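The values are calculated or read from the model by the stated rules, or taken from the named source; none is laboratory data. Since we're looking at a predicted model, the values are computed, not measured. Neighbour counts are summed over all protein chains in view; Cβ atoms, including those assigned to glycine, are modelled from backbone coordinates with ideal geometry. We work out accessible area using only protein heavy atoms, side chains counted, and drop any ligands, DNA or RNA first. Shrake-Rupley method; radii C 1.70, N 1.55, O 1.52, S 1.80 Å.
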Amino acid sequence: MDQSHIRNFCIIAHIDHGKSTLADRLLEYTGTISKREMAEQILDQMDLEREKGITIKAQAVRMRYTARDGREYELNLIDTPGHVDFSYEVSRSLAACEGAILVVDATQGVEAQTLANLYLAVEADLAIIPVINKIDLASADPEKVATEIYHIGLPRDEIVLASAKEGIGTQDVLEAVVKYVPPPKGAGEMPLRALVFDSKYDAYKGVIAYVRIVDGAISRGDRIEMMQTDSRTEVLEVGYFSPTLVAAGTLSAGEVGYIATGFKNVKDCQVGDTVTLAATPAPEALLGYRPAKPMVFAGIFPVEGDDYPLLRDALDRLKLNDASLVYEPENSVALGFGFRCGFLGLLHMEIIQERLEREYNLDILMTAPSVEYRVLKTNGEELFIHNPAELPAVTQMAKIEEPIMDISIFTPARYIGTIMELVTARRGAFRDMEYLEEDRVHLTYRMPLGELIVDFYDQLKSRTQGYASLDYSFHAYEEADLVKLDLLVNGQSVDALSLITHRDKAQRQGRLLAERLKELIPRQLFEVPIQAAVGSHIIARETVRAMRKNVLAKCYGGDITRKRKLLEKQKEGKKRLKRVGSVEIPQEAFMAMLSLEEE
Amino acid sequence: MAQPSPLAQYVTPPSERLPADPQRLDAEAGRTDVDAQAVDQAGETSDPLLDTISLYLHIPFCHAKCHYCDFNSYAGMLGLRERYVDALLAEIALAGRRSRLPDGAPRRCRTIFFGGGTPSLLTSAQVRALLDAARTHFALDADAEITLEANPGTLEYGHLDELRAAGVNRLSMGAQSFDPALLKWMGRIHTPREIETAFAAARAAGFDSVNLDFIYALPGQSLDTWQRTLDHAAALAPEHLSLYSLIVEEGTPLYTWVSQGRVRPPDDDLAADMYELAEARMAAAGYRHYEVSNWARPGHECRHNLTYWRNLPYIGLGAGAHGWYTGHRYAEARPIREYIARVTATTDASTSLDEHTELPLPAGAVVDDEAIPRELEMAETAMVELRLVEGLRLRAFARRFHTDFQTVFGARLGEVWSAGLLEVEGDMLRLTDRGRLLGNEVFARLLPDTPALS
């Protein structure tokens, strides 16, 4: 199709503001998919996505729409992840678009990720169409929300009012896309340049690259070259999403679709790479993406040592569809062989954990998350440490730096005090407070990521009855007085329980952690001392007293079988414990530090 | 990675045998010792008691179901009592036939136990008929121990007198507590006063071997109330006392209450304190602690239960009854009507069938049947024998299984040895005082690592 009739756009929103529901309405309205076919929220394809009500992977769908001007348009909707953990993926999707629909909930107003996503879209130079959604709700206040939207810099008269749930305003949204989103400006006659904005692995077609054709055209059978990796292949198939894969002979400049590459390894076809023709390569690649940078790290260990190869295979397979997952083998004294994994954030970590457990049926144990510290050694060497157990001895370190985040919180004004208190306790520094309206403020802070990943979001939500919203992004590495806190169980240091913390907090955290472990570790046949230590200095001590009673009272009229089954059940239960030395430690203990604060 | 343990000396049994401990308790009050020694000297390897049985008869009727009880018992079904007894009579006959010795003689039966439910809900005529059937179809010892469980709320002198005359020579009463509030809470139908009355009536009827059951670690029970119950019990001077720690069983009202957080049983420390208090009080009152939960005047140890604890064969008959016979553990149908129907079908059919083609089991309403492999039988034997205070007889174990205990289990018991849960004295391996409260820690380690298929 002629580029002037193509519109490439995405929908961005704060979580739960109705992004997916609006996408469904657009697909339905344009007849891309019938109501009957509409499995609930078609764009969120992973089970986990549906369950958590979020989008994790980017998706793209082509729609045909006959506008009020009588002409037919090709609209490509590229879905974007809605969680801050995945803002990296959002920016990837944005690079394939010329416009963005910014959805704002009529009952909630502008939230932290509304703003964060808006900034990303503005940075990508997109046309923005503000849509106020959920106007049918009794508590909707479109006037007030329109004012907020105006305050964040968008023209008030371009706002579309809609209720995706009720199908109100759907046509207006489509018209606005046609009117305000500029058509792509690629050069059809130039050598092929296609941007890979996502990929997934298919057992039959190999790696399927989701692409935006910037210049030129691509057809089935073309020999292609990946400009960064230099990998070459023959195109098995090209096509678009409607919403399932539909083969088409050719994709031309301005269009969005897929290429079945036949590559067996995603490494050959990396997100952000530029596809060109091997015969007539483009002179210059497109500006790709920086590789995703993992922010949160944790050890993943099989509960049964024998499962190690299965865990490795599962991670390899997850990696095929999730380039942002990184991992390397780790050997823990306490937990044996496993992997140190890097994640985009806590949600990403949780999703990987759940997928390993559900899709691969693995019994895994995760250590508490850590961040990546920058250590300058006295010999001048620079190290990045994301496993507390690997922190060099104090005498070898010239300084330690930790990642500091810019954090942004939208909240009703009445919670300012409690948020201030929470952030200060987490070593946060206040930067700015801006009143959006009389009773709503936008707070900005700088805070160590290490403090942010420990239960901060849950605390923020619970202290503000769920009203506050949060967004954050990396600011810089800064030096801090950090120490390693070790936990000794039965006199033996358990590496998987070590953590890096600020010196001022070590005492209190050590005490809380020892207390918590005392509750979590079941009584054993002998007394088990639990100690917290910084260096060789013991800062807290607790004792798990020896078990006193575990015996069945009765013989049940000769029912020995039942007695035996009960014992077998007890025995099975013990398998869920991890043996460290001679002590059996339950899995929750390794996550204990997450629930230490503010009980 | 076998750890050196005091058991090591038994890997190769010493050629000279230690004299039998004269204080030692045995399944047959002295008689087996003689048998066993005779067998030893003859160089034979099997325990003659393995060729005898104990008979368990389950009586599933109750006036009311107690809140903690998950035994196979039913309230409001007394109307089925006659048909049930008929089925039980038929089954005794069947069991007798199927368990005959190779020469066709009936098998020796050493003890009979009427368990429930509430067996005292049977008429004395019914009990007499059942005992007559047992005598007809088994070679019942003249001095067989014949126990009947009774609810103190259902006992009258006349009835007790008739039961005694019918041949019952041991009475086991579910007294449970002397605290009226706790009795009510448990859903018991009797009062503390009725325990005393029933006990006196039993004595008057000539029962000179009486057991009282009590439960401790009840929600709301203090060390103090438990002590009063113990003292009160000791003052009655029964020959035998069973003191059970409350078990919260799935499917009972108590389980629901506990899981909803409406009641909370005492923690393990208090329960352990109660157990240790009981040990002290019972010892002071002249009782001998002979099994985890049982105390007796010397010579009044329950021979029937010793059958379980020595892992000797027993035939269980009745709804939901369990048996252990010819290497099989079996269970019968639990619902009363289903039990009756199955027995009727079996006994009708077997008149025309060659019995040898059927299950090698003596019971007619079998619904579960598990052949116990040798490895498991060794574990089960060790598990139940270690419940006895005197412990497991190492040489008898070696004779029974043609291998010694240390070889089979030594490597798995390192931790419990070093934790001081086990000790060896002479031929006996036993739990220490501390080990008795932690028996499951030892038992679980005895079990084979892969659970038996079931």
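Summary table
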read-out: Chain lengthening between A:R503 and A:D141 when straightened (0.36 nm per residue, less Cα-Cα); value: 125.5 nm
read-out: Cβ-based charge dipole, the protein assembly as shown, positive-most Cα from B:G117, B:T191, B:C302; value: B:C302
read-out: Charge dipole of the stretch A:374-479 about the Cα centre (unit charges at C-beta), most positive-ward option of A:P448, A:A413, A:P392; value: A:P392
read-out: Sorted peptide list for A:304-311, B:311-318, criterion being average Cβ within 10 angstrom, highest first; value: B:311-318, A:304-311
read-out: Rounded to 5, the percent of DSSP beta bridges in chain B classed as antiparallel; value: 40 percent
read-out: Unit charges on C-beta of K, R, D, E only; dipole of the stretch B:248-314, Debye; value: 380 debye
read-out: Backbone N within the stretch A:525-550 under 13 Å of label point (7 Å from A:K518 Cα along the Cβ vector); value: A:528-532, A:540-546
read-out: Computed lengthening from A:K264 to A:T444, 0.36 nm per intervening residue step minus Cα-Cα distance; value: 60.3 nm
read-out: Computed over the stretch A:483-598, Kirkwood Rh from alpha-carbon pairs, angstrom; value: 15.7 Å
read-out: Ellipticity estimate at 222 nm from DSSP helix runs (n ≥ 4, -39,500 (n - 2.57)) divided over chain A, nearest 500; value: -7000 deg cm²/dmol
read-out: Long-range Cα-Cα pairs in chain A (distance over 44 Å), rounded percent; value: 28 percent
read-out: Taking the stretch B:383-454 and dividing mean pair separation by its residue count, relative contact order in percent (alpha carbons under 8 Å, at least six apart); value: 34 percent
read-out: Per principal axis, descending, Cα span of chain B in whole Å; value: 62, 59, 43
read-out: Amide N proximity, the stretch A:450-490 versus A:L594 label position 7 Å along Cα-to-Cβ, cut-off under 18 Å; value: A:450-462
read-out: Mean residue ellipticity (222 nm) of chain B, computed from DSSP H runs ≥ 4 via -39,500 (n - 2.57), nearest 500; value: -11500 deg cm²/dmol
read-out: Over the stretch B:203-282: Kirkwood hydrodynamic radius from C-alpha pairwise inverse distances, Å; value: 14.0 Å
read-out: Cα-projected label distance for A:D306 with A:Q570, points at 7 Å along beta-carbon direction, nm; value: 2.4 nm
read-out: When the stretch B:36-151 is reduced to its Cα atoms, the Kirkwood hydrodynamic radius in Å; value: 15.8 Å
read-out: For the protein assembly as shown, alpha-carbon Rg relative to the globular expectation (2.2 N^0.38 Å, N residues); value: 1.24
read-out: Lys, Arg +1 and Asp, Glu -1 on Cβ, resulting dipole of the stretch A:374-479 about Cα centre, debye, nearest 20; value: 200 debye
read-out: Label point distance in nm, A:N331-A:L287, each placed 7 Å from Cα along Cα→Cβ; value: 4.6 nm
read-out: Rg and Dmax [Cα atoms of the stretch A:75-209; Å; Rg one decimal, Dmax integer]; value: 16.8, 54
read-out: Local electrostatic count at B:W295 - Lys and Arg +1, Asp and Glu -1, tallied over other residues with Cβ under 12 Å; value: -2
read-out: Accessible area (Å², 1.4 Å probe, nearest 10) - B:S120; value: 10 Å²
read-out: Against the rule of thumb 2.2 N^0.38 Å, how large the Cα Rg of the stretch A:193-277 comes out; value: 0.92
read-out: Inter-chain Cβ neighbour average for residues B:431-441, partner chain, 10 Å; value: 4
read-out: Dimensions (Å) - the stretch A:155-197, Cα atoms, principal axes, largest first; value: 45, 22, 15
read-out: Virtual spin-label span in nm between B:H63 and A:E175, 7 Å along Cα→Cβ; value: 8.5 nm
read-out: Probe 1.4 Å, all protein chains present, accessible-area order of B:E156, A:E437, largest first; value: B:E156, A:E437
read-out: Cα convex hull volume per residue for the stretch A:313-413 (Å³); value: 175 Å³
read-out: Mean separation of Cα contacts under 8 Å, 6 or more apart, over the residue count of chain B: relative contact order %; value: 18 percent
read-out: Per-pair calculated FRET efficiency, R0 = 41 Å: A:E357 and A:F430 via Cβ, rounded to 0.05; value: 0.55
read-out: Residue-averaged beta-carbon neighbours from other chains (10 angstrom radius) around B:112-122; value: 1
read-out: Förster-model FRET efficiency, 56 Å R0, B:A411 and A:A279, C-beta, rounded to 0.05; value: 0.20
read-out: Distance-filtered residues of the stretch A:278-319 - backbone nitrogen under 20 Å, label point 7 angstrom along A:M397 Cα→Cβ; value: A:295-299
read-out: At 0.890 mPa s and 25 °C, Stokes D of the stretch A:296-367 from Kirkwood alpha-carbon radius, µm² per second; value: 206 µm²/s
read-out: Förster radius 41 Å - calculated FRET efficiency between B:A142 and B:R337 (Cβ-Cβ, nearest 0.05); value: 0.65
read-out: Charge dipole (debye, nearest 20) of the protein assembly as shown; +1 at Cβ of Lys and Arg, -1 at Cβ of Asp and Glu; value: 1740 debye
read-out: Shielding by other protein chains, A:565-572, mean Cβ within 10 Å; value: 5
read-out: Full-extension gain in nm, A:Q3 to A:S462, via 0.36 nm per residue minus C-alpha separation; value: 160.3 nm
read-out: In Hz, Karplus ³J(HN,Hα) per residue of the stretch B:318-334 (6.51, -1.76, 1.60; θ = phi - 60°; x = Gly, Pro); value: x, 4, x, 6, 10, x, 9, 7, 6, x, 10, 9, 9, 9, 9, 3, 7
read-out: Fraction of beta bridges assigned by DSSP in the protein assembly as shown that are antiparallel (%, nearest 5); value: 70 percent
read-out: A:T107, B:T111, reordered so the largest accessible area comes first (probe 1.4 Å); value: A:T107, B:T111
read-out: Highest to lowest packing among A:325-336, A:411-422, scored as the average C-beta count within 10 Å; value: A:325-336, A:411-422
read-out: Residue among B:V343, B:P362, B:H328 farthest towards the positive dipole end of chain B, charges placed on Cβ; value: B:V343
